1. Modelling each spin label as a point 7 Å along the Cα-to-Cβ direction, I'd like the Arg274/Glu440 distance in nm, to one decimal.
2. Let me spell out the model: positive unit charges on the Cβ of Lys and Arg, negative unit charges on the Cβ of Asp and Glu, origin at the Cα centre of the range 264-320. What dipole size does that give, in debye rounded to 20?
3. Using +1 at the Cβ of each Lys and Arg and -1 at the Cβ of each Asp and Glu in the range 308-358, identify which of Trp311, Tyr334, Val321 lies farthest towards the dipole's positive end.
4. Specify the inter-centroid distance of the range 316-376 and the range 217-236, based on alpha-carbon positions, in whole Å.
5. Could you give me the ³J(HN,Hα) list for the range 365-372, computed from phi with Karplus coefficients 6.51, -1.76, 1.60 and θ = phi - 60°, whole Hz, x at Gly and Pro?
6. Holding the Cα-Cα limit at 20 Å, pick out from Lys189/Lys394; Lys256/Lys313; Lys97/Lys361; Lys121/Lys232; Lys327/Lys394; Lys189/Lys232 the pairs that are longer than that.
7. So, R0 is 51 Å and r is the distance between the beta-carbons of Arg283 and Asp172; what FRET efficiency does that work out to, to 0.05?
8. Based on the mean of other beta carbon atoms within 10 Å per residue, what is the order of 161-173, 98-110, most packed first?
Amino acid sequence: MFSDAFLCFSWSGNKDYNNGLLVTKITNMAVGLNKTELAGENSVLATKSHHQSPPLPPARVKISISYPGKLAEPEVLATVKTTYKKIGQSKDKVAGKIGPNSIIWADNWFGLHSLIESGNKAQLVYIDPPYATGFDFESRSQEHAYNDSLTGAAYIEFMRRRFILIRELLDDNGSLYVHIGSQMVAELKVVLDEVFGPKNFRNLITRRKCSSKNFTKYQYPNLVDYLLFYSKSDRYIWNQPTTTPEPAWIEKEYNKVDERGQHKLVPIHAPGTRRGETGGEWRGMMPPPGKHWQYVPDKLEEFDKRGEMHWSKTGNPRRKVYLSADKMLPLTDYWENFRDAHHQSILITGYPTEKNFDMMKMIVGASSNPGGLVVDPFNGSGSTIHAAELLGRKWIGIDQSFVAAKTSVSRMIDGRQPMGDYIKKTETDNLFPSPSEKHEITDADFNVYVDSEISESFPAEFADLSLLMA
């Protein structure tokens, strides 16, 4: 039995036995056809009348992953008090009241708790967490950025706890994007279904991340990663992203030309019988068997008067749909035009795993509105908060890596550099390029907070961040 999120079946109760098989007819399925149309001889299932398989769980039973150390949700959400030092204003510790347009150097377990306790509500949370690869990652200047050593149940529970906090941080119209590799995408899908509910799953997006030069000898080359897109409710912000169609697609899709321009021919009927005008006669014709007119007869007449109906030699009508000058296509769940930096002129920060900036701007634009809050708890190079700043959103970025915090602060003050210009800096180099070396305009007004315990444990790094903000 399939759950009603996919195909809906009901059983007619009409059973026929044929050579020891129990044949059950399907009477309803979500294919646009009515019960009568699905009751024919072609719509049967064969099951044995004896030796039934063991009973299956009820269709609506919640699926979850079990492992030792799995915290109950109330324990995850229990208040966690953290104090911070706010760079540039006071040497005193401040409570966890953190407002928008802030970069936080802290473990996001504490940072997310602080945002929730501060009363923040986010329209969008994007995360690009560790992928459970078992590797260490360095920046282009060979600084240790982060360790990706968690695997198995430890990794799953690490992510689950943060998903629960993110759910509480999101506003009712908010959304979450989880950028992940093939290593754990299946496991995280199950965990996200558990935390957000399967009904709030929106897309599994496949992104082509690199070119075809990524070869392997004993398996298929890995060219893609994934984004799991969930909403907190069914009333989520959605600003449909679009893309310009390729010339080859236009030529194939709009393959007819007349004096009015390029067009395509489309049927004026659709599957399924209907009562009323769309199921009746038009110009002496009935819809084809098992179908109905897509429009009422008056509308079909209007198309014909405007010259938007094509009649074949056999009298078969089809509608002309003309190509508009501003034709755009909805972006699908396969993203092939958002590859990570692959040529020398692209602006980057040098942080490992830095994602395509156009992709980040598209995500921010699609799932948040101007003035809304965008949060990235695995802030990394700061791509999310930079995109939010450029698009007029409020933002907060959290990361436990000092290199990530330093990179994000640098990016929001002085921007990025072309990939081809990136060189390893010596210890005597300035942390920022001179004004004459800037390649993009940045004018962000923001605050930097550091977990007070971290600031005391790493005074030299705290001083570096303070110098950057001076």
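1. Reported label-point gap for Arg274 and Glu440 is 4.8 nm.
2. Rounded to the nearest 20 debye, it is 260 debye.
3. Trp311
4. 15 Å
5. Rounded to whole hertz, the list is x, 6, 10, 8, 10, x, x, x.
6. Pairs exceeding 20 Å: Lys189/Lys394; Lys97/Lys361; Lys327/Lys394.
7. It comes out at approximately 0.55.
8. 98-110, 161-173
No value in this document is a laboratory result; all are computed from the given coordinates. Here the structure is a predicted model, which means the values were calculated and not measured. As a convention, Cβ positions derive from the backbone with ideal geometry for all residues, glycine included, and neighbour counts pool all protein chains shown.
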